[in-house]
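Remarks on the structure that follows.
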Amino acid sequence: MTAAVRIVVKIGTSSLTDELGVIDEQVIESLCEQIVRTRDLGHEVVLVSSGAVSAGVAALGLPARPTDTPTLQALSAAGQSRLMEVYNRHLGARGVVAAQVLLVPHDFIDRRQYLHARHTLVRLLELGCVPIINENDAIANDEIRYGDNDRIAALVAHSLSADLLVLLTDTAGLYTSDPRTDPDARLISRVSADDPLLAVSAGRSGSNRGSGGMASKLAAARTASFSGVRAVIAAASRADVLVEASKDLDVGTTFMPNDRKLSARKLWIGFASLVEGAITVDDGAVRALTEWGRSLLPAGVVDVRGAFVEESIVEVRDVHGEVIARGMVLCDADTLRTIKGKRTGDLPAEIAHEVVHRDDLVVLA
Ligand code: GLU
């Protein structure tokens, strides 16, 4: 018998519904059956399920998925309850109670909300329920929504100190190139925690409002790895995928966890927060931040983008535009524009001498 582990499993819209939004009962039944078997092995399972907006399209009998946000939000409300009805039925038939939890970014941003959400999820697990999470699309408007359940699943995995994050999708995992166009594409079965794949384009997740796609799965795997959580990307249609992933068998692409786990605060700065600007720094500052773990000073700043205020989260980029870190700024954008490039001795006394303190900086490169 393997040791009991806590598993967060996420399944995407394209695996759950067809293009008209009709829910695939067989997929949900198979998933519920696997969740119950995984629990019977002694493990705890939390499900993050997409598909609400899509199921809403079918619920209202629309010929195609609309594109305007208010309609999509309204559809999610109709679809979410239908989705839960199917989960309730298939888990209930196996004697397991499903429990719906809808989250918005604020629940990760506000520390008290964050602790509340965590307590509720832990209590649900203690009560023997399967928590089923989705973003609260009906009230999370476009400006403040993640729109991406891969990210939510990774953040939930961190907050619950999960052992494993399983991202179920419609491909078998991560390939060396696009398998639809390249016959030589190979499936990558393991990615180590120090693999450059987990460092490059780390900033992408900040602006990624669209859902799904490999980029958002890689970003989620990266968040998981930084959180000390093993992550797996695998095909939802693969037989026994969840049970086998819980046994650490190769079922897709596995991302090995980092042994250094970021604090909740740094994880939030690095991966959960909304980015409100960008600061470009010179090569000396890149070295100071990435190699020596220093704070960012005005002297190293060469360019400032955006209209951020004190305590906003910004991306820190090198002169080639590559995102190397994210951090919480100690001064607003206009002030920073007037002091960029200045040495500490030349700064007015009333201005913060650090742009981003090392304790508020997450190096991603
Ligand atoms: N929350 C959205 C839904 O349930 C999906 C977000 C995603 O695809 O990641 O429809």
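The values are calculated or read from the model by the stated rules, or taken from the named source; none is laboratory data. Since the model is a prediction, treat every value here as computed from it, not as a measurement. With ideal geometry, Cβ positions are generated from the backbone for all residues, glycine too; neighbour counts draw on all protein chains shown.
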Within region 92-105, identify whether any single residue is in contact (Cβ under 8 Å) with a residue 60 or more places away in the chain, under 21 Å from the mean Cα position of the chain (by Cα) and either part of a helix (DSSP H, G or I) or within 16 Å of the ligand (Cβ to nearest atom) (or both), and answer yes or no. yes
Small (Gly, Ala, Ser), touching a residue at least 12 places away in the same chain (Cβ under 8 Å) and within 25 Å of residue 123 (Cα to Cα): which single residue out of 21, 42, 51 fits that description? 42
Is one or more of the residues making up region 66-86 at pLDDT 95 or above and more than 16 Å from the ligand (Cβ to nearest atom)? no
Condition broken by residue 43, with the remaining ones in (1) more than 11 Å from the ligand (Cβ to nearest atom); (2) of a type outside the set (Asp, Glu); (3) closer than 22 Å to residue 18 by Cα satisfied: (3)
When region 93-123 is checked residue by residue, the ones that are within 19 Å of residue 33 (Cα to Cα) and among the hydrophobic types (A, V, I, L, M, F, W, C) are 93, 96, 97, 98, 99
All positions within region 305-340 that are closer than 26 Å to residue 198 by Cα and hydrophobic (A, V, I, L, M, F, W, C): 313, 314, 316, 319, 323, 324, 325, 328, 329
Residues of region 23-40 being within 14 Å of the ligand (Cβ to nearest atom) and either assigned to a strand (DSSP E or B) or farther than 24 Å from residue 151 by Cα (or both), in sequence order, are 23
Out of region 286-299, which residues are in contact (Cβ under 8 Å) with a residue 24 or more places away in the chain and at negative phi? 286, 289, 290, 294, 295, 296, 297, 298, 299
Suppose we filter 95, 21, 56 for residues that are surrounded by fewer than 14 Cβ atoms within 10 Å (Cβ to Cβ) and farther than 18 Å from residue 152 by Cβ; which single one remains? 95
